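Before any comments, here is the structure.
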Amino acid sequence: MRRSKQLIILLQLLLLVVSLFTTSWLWDKWKVDTPHGSYRWVGMDFASYWVGIRESFYGADPYSPETTLKIQEIVYGRSAALGEDPMFFSYPAWLFLLIAPLALLPYKWAAVIWVGSLLWATFNLLYKIASIMGNDNFLAQMLWLTGLFVGSLPFLVISVMKGQLGCLSLLALFAAYQTWKQKPFLAGILVGFALIKPTVTVLPVAVFLLWTLLQKNWRFLVGFAGVMSVLLASSYFAFGNWIPSYFDMLDAKVNFSVLWSVEILPAPWNILYMSPFVGILIFSFYSALKRNNTFWFPAAVLAGIALTPMRWIYDLFLGVLILAEKRNLLPIQSLLVGIAVLSPWSLVIFPEATRWNVAVVGIPLVWAVPLLSIIIHQKREREKEHVLETNA
């Protein structure tokens, strides 16, 4: 057993080194050409919070135009990047404590460590989910791992390699769900980190907190309250009252819309779109209370990616958390899950002008099909068991 643990540690260290080396190697080789010049892809989004937190060391407002210009200089090599994303510091300042150690390092080193670590953690996430789906069958696990890797490639390229904070939220929420029964205090802390980027994680976190409150899981709630208190206190110490500036920035950047995906569709289609996700969430939560199942979590994840994603494809990666628990799937359900996992590749057939709108609306609908199938199947199985028990 001890030798087995040592081997796992060595393999993890090797994977981490390979991830860091790959990130470093791609640093100056992966550039995007635009009419305004080329810019580095690796760590592009990391630049905004590295600069924002670093500026706080000098008493600057991370949401100010001056900070935005410095972010542009890091990303594009110039402060007047006409036609490019203005690259605001568009995150709650409670990420200060997390990023501050990296902000002490030179930008390249910090970005390589951040992106390489996210890449390493994401590979572990895919392996863990493949193990769950494979149900102790090595061949099935390898098939699922291959499918998950292929289906996740768009997210690895667009989200992980850019250093998106949403990847951290995804990893934290998965780890919290895996540990909340055995280590509730730690899980509560992890759920707090899932709010580092509060977009699609807001609904799952809110449902998580409601569930643990109803279960009177005080250790979980204390862990969550503790980490949020520390994150908020440290951010106020570094920035002062940053919340008004944060909302002003959101209004300037995206005309702050929480239900951005719903606004893509005209009425009454947007109401029709929202209805099944809200219905699945309410039914699953009620069913969990009555029958003590755990469908409240995947239903909350589904509602999150359907109702509160930011634009583009970043936040849709969270859909993989629907597979965070072992279930006995029928062959048809496995096929539906496989289609959902690979669905991001279907976007290549759509024109670029409509691609991201199609993704934000369509991918949650694709994920809803296998989840609904699994919920209905388990409900029928429980009804059969109840009938058999009654007859006996």
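The values are calculated or read from the model by the stated rules, or taken from the named source; none is laboratory data. This one's a predicted model, so the numbers in the text were calculated from it and none came from an experiment. Backbone-built Cβ (ideal geometry, glycine too); neighbour counts: all protein chains shown.
Selection of the stretch 285-339 for residues being within 30 Å of ASP45 (Cα to Cα) and among the polar types (S, T, N, Q) yields only THR308.
Taken over the stretch 231-268, the criterion of being over 20 Å from the mean Cα position of the chain (by Cα), small (Gly, Ala, Ser) and either modelled with pLDDT under 80 or assigned to a loop (DSSP other than H, G, I, E, B) (or both) is satisfied by GLY240, ALA252, ALA267.
Do we find that SER79 is over 28 Å from VAL191 (Cβ atoms) and either at pLDDT 90 or above or touching an Asp or Glu at 6+ places or on another chain (Cβ under 8 Å) (or both) in this structure? It would help to see each step written out before you state the result.
Working: over 28 Å from VAL191 (Cβ atoms): yes; either at pLDDT 90 or above or touching an Asp or Glu at 6+ places or on another chain (Cβ under 8 Å) (or both): yes.
Spelling it out, SER79 is indeed over 28 Å from VAL191 (Cβ atoms) and either at pLDDT 90 or above or touching an Asp or Glu at 6+ places or on another chain (Cβ under 8 Å) (or both).
Between LEU213, LEU209, the distinction of being without any contact (Cβ under 8 Å) to a residue 24 or more places away in the chain and either closer than 24 Å to ILE243 by Cβ or among the acidic types (Asp, Glu) (or both) belongs to LEU209 only. Only one of the numbered conditions (1) under 19 Å from the mean Cα position of the chain (by Cα); (2) within 13 Å of PHE295 (Cβ to Cβ) is not met by VAL337, and that is (2).
State the number of residues belonging to the stretch 105-130 that are more than 18 Å from the chain's Cα centre (by Cα) and either surrounded by 18 or more Cβ atoms within 10 Å (Cβ to Cβ) or touching a residue at least 12 places away in the same chain (Cβ under 8 Å) (or both).
Going through the stretch 105-130, the residues more than 18 Å from the chain's Cα centre (by Cα) turn out to be 105-113.
Okay, now just the ones that are also either surrounded by 18 or more Cβ atoms within 10 Å (Cβ to Cβ) or touching a residue at least 12 places away in the same chain (Cβ under 8 Å) (or both), so 107-108, 110-113.
The qualifying residues number 6.
Does the stretch 314-326 include one or more residues that are part of a loop (DSSP other than H, G, I, E, B) and of a type in the set (Gly, Ala, Ser)? Checking the stretch 314-326: at least one residue is part of a loop (DSSP other than H, G, I, E, B) and of a type in the set (Gly, Ala, Ser). Among residues of the stretch 327-344 being in a loop (DSSP other than H, G, I, E, B) and buried (at least 16 other Cβ atoms within 10 Å of the Cβ), the one that is modelled with the highest pLDDT is LEU329. Here is the figure for the stretch 290-313: residues that are in a helix (DSSP H, G or I) and modelled with pLDDT under 90 total 2.
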